[in-house]
1. Of all the residues that make up the stretch 10-27, how many are touching a residue at least 12 places away in the same chain (Cβ under 8 Å) and either in a strand (DSSP E or B) or open to solvent by 90 Å² or more (accessible area, probe 1.4 Å) (or both)?
2. Residue 84 versus (1) assigned to a loop (DSSP other than H, G, I, E, B); (2) touching a strand residue (DSSP E or B) at 6+ places or on another chain (Cβ under 6 Å); (3) away from the ligand (no atom under 16 Å from the Cβ): which is the lone unmet condition?
3. Looking for whichever is open to solvent by less than 10 Å² (accessible area, probe 1.4 Å), more than 16 Å from the ligand (Cβ to nearest atom) and not polar (S, T, N, Q) here; the options are 142, 129. Which one fits?
4. Given the options 136, 158, 165, name the one that is near the ligand (Cβ under 10 Å from one of its atoms) and open to solvent by 30 Å² or more (accessible area, probe 1.4 Å).
5. Taking the condition of being among the hydrophobic types (A, V, I, L, M, F, W, C) and over 16 Å from the mean Cα position of the chain (by Cα), how many residues in the stretch 109-119 meet it?
6. Does the stretch 59-80 include one or more residues that are in contact (Cβ under 8 Å) with a residue 60 or more places away in the chain, over 14 Å from the mean Cα position of the chain (by Cα) and open to solvent by 50 Å² or more (accessible area, probe 1.4 Å)?
7. When both residues are 6+ apart or on different chains and their Cβ atoms are under 6 Å apart, which pairs have a first residue that lies in the stretch 144-157 and is of a type in the set (A, V, I, L, M, F, W, C), and a second that is assigned to a helix (DSSP H, G or I) and within 10 Å of the ligand (Cβ to nearest atom)?
8. Tell me whether the stretch 100-118 contains one or more residues that are closer than 30 Å to residue 17 by Cβ, of a type in the set (Asp, Glu), open to solvent by less than 10 Å² (accessible area, probe 1.4 Å) and touching a Phe, Trp or Tyr at 6+ places or on another chain (Cβ under 7 Å).
Amino acid sequence: MQLERFIRDIPDFPKEGIVFKDITPLLADADALRASVEQMAEQVKDLNPDVLLGIESRGFLFGAALAVNMGLGLLIARKPGKLPYEKDSVSYDLEYGSATLELHVDAVKKGQRVLIIDDLLATGGTAAATAKLVEKQGGQVAGFAFVIELGFLEGRNKLTPHPVKYLLKY
Ligand code: AMP
């Protein structure tokens, strides 16, 4: 299935010079959504994760679908002020601006293999920051999986030595 057909380029969003990769057409199409989740599951099964971790907010969509497909649970890293319980937090730079992510202090169990999920890898700042949260809590990063990798930004360099999987690369 040609998943590229379901990614819409939006120039100059949310800032001039950024080409935003809009995944909403892919989410809206039953066959494309199922194919993308099944392909992601196939790509990551050798990483043997114990649990998935979705990054707010589009990482939640693929994270939840993939978790059900793989028979695993889902942890969520959220933007500040959203999680109700005690949390760890990390701040980082991204392609447009800077940001903070939070994770409940008891989210990751010691030694757990955590697979980190988001819709898109750009500079890698978001995913690398999430990996720090996992490691801070005593987890192991099993790898990362994205629907889209913007290869020209070389974000995967920030994620070494962990495996990085993707469905579409630009
Ligand atoms: P980064 O930390 O630079 O890898 O940015 C990744 C995060 O920002 C992901 O959560 C993406 O959803 C979002 N993002 C960054 N750049 C884009 C883009 N060009 N199109 C869509 N989402 C983007």
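1. Narrowing the stretch 10-27 to residues touching a residue at least 12 places away in the same chain (Cβ under 8 Å): 10, 14-15, 18, 21-27.
Adding the requirement that they be either in a strand (DSSP E or B) or open to solvent by 90 Å² or more (accessible area, probe 1.4 Å) (or both) leaves 10, 15, 21-22.
Count: 4.
2. Of everything listed in (1) assigned to a loop (DSSP other than H, G, I, E, B); (2) touching a strand residue (DSSP E or B) at 6+ places or on another chain (Cβ under 6 Å); (3) away from the ligand (no atom under 16 Å from the Cβ), residue 84 misses just condition (2).
3. Numbers: 129 fails: more than 16 Å from the ligand (Cβ to nearest atom).
Exactly one of 142, 129 is open to solvent by less than 10 Å² (accessible area, probe 1.4 Å), more than 16 Å from the ligand (Cβ to nearest atom) and not polar (S, T, N, Q), namely 142.
4. Working: 136 fails: near the ligand (Cβ under 10 Å from one of its atoms); 165 fails: near the ligand (Cβ under 10 Å from one of its atoms).
That would be 158, the only listed residue that is near the ligand (Cβ under 10 Å from one of its atoms) and open to solvent by 30 Å² or more (accessible area, probe 1.4 Å).
5. From the stretch 109-119, those among the hydrophobic types (A, V, I, L, M, F, W, C) are 114-117; that's our starting set.
Still in the running and over 16 Å from the mean Cα position of the chain (by Cα): none.
Residues meeting the conditions: 0.
6. Of the residues in the stretch 59-80, the ones in contact (Cβ under 8 Å) with a residue 60 or more places away in the chain are 59, 62, 66.
Next cut, over 14 Å from the mean Cα position of the chain (by Cα) only: none.
Checking the stretch 59-80: not a single residue is in contact (Cβ under 8 Å) with a residue 60 or more places away in the chain, over 14 Å from the mean Cα position of the chain (by Cα) and open to solvent by 50 Å² or more (accessible area, probe 1.4 Å).
7. Taking only residues 6 or more apart or on different chains, the pairs are 144/127; 144/159.
8. Step one: list which residues in the stretch 100-118 are closer than 30 Å to residue 17 by Cβ, which gives 100-102, 116-118.
Going one step further and asking which of them are of a type in the set (Asp, Glu), we end up with 102, 118.
Then keep just the ones that are open to solvent by less than 10 Å² (accessible area, probe 1.4 Å); that gives none.
Looking for residues that are closer than 30 Å to residue 17 by Cβ, of a type in the set (Asp, Glu), open to solvent by less than 10 Å² (accessible area, probe 1.4 Å) and touching a Phe, Trp or Tyr at 6+ places or on another chain (Cβ under 7 Å), one finds none in the stretch 100-118, hence no.
The values are calculated or read from the model by the stated rules, or taken from the named source; none is laboratory data. On a predicted model such as this, the values are computed, not experimentally measured, just so you know. Neighbour counts run over all protein chains shown; Cβ positions are idealised from the backbone, glycine included. All accessible areas refer to the heavy atoms of the entire protein, side chains included, with ligands and DNA or RNA removed. Shrake-Rupley method; radii C 1.70, N 1.55, O 1.52, S 1.80 Å.
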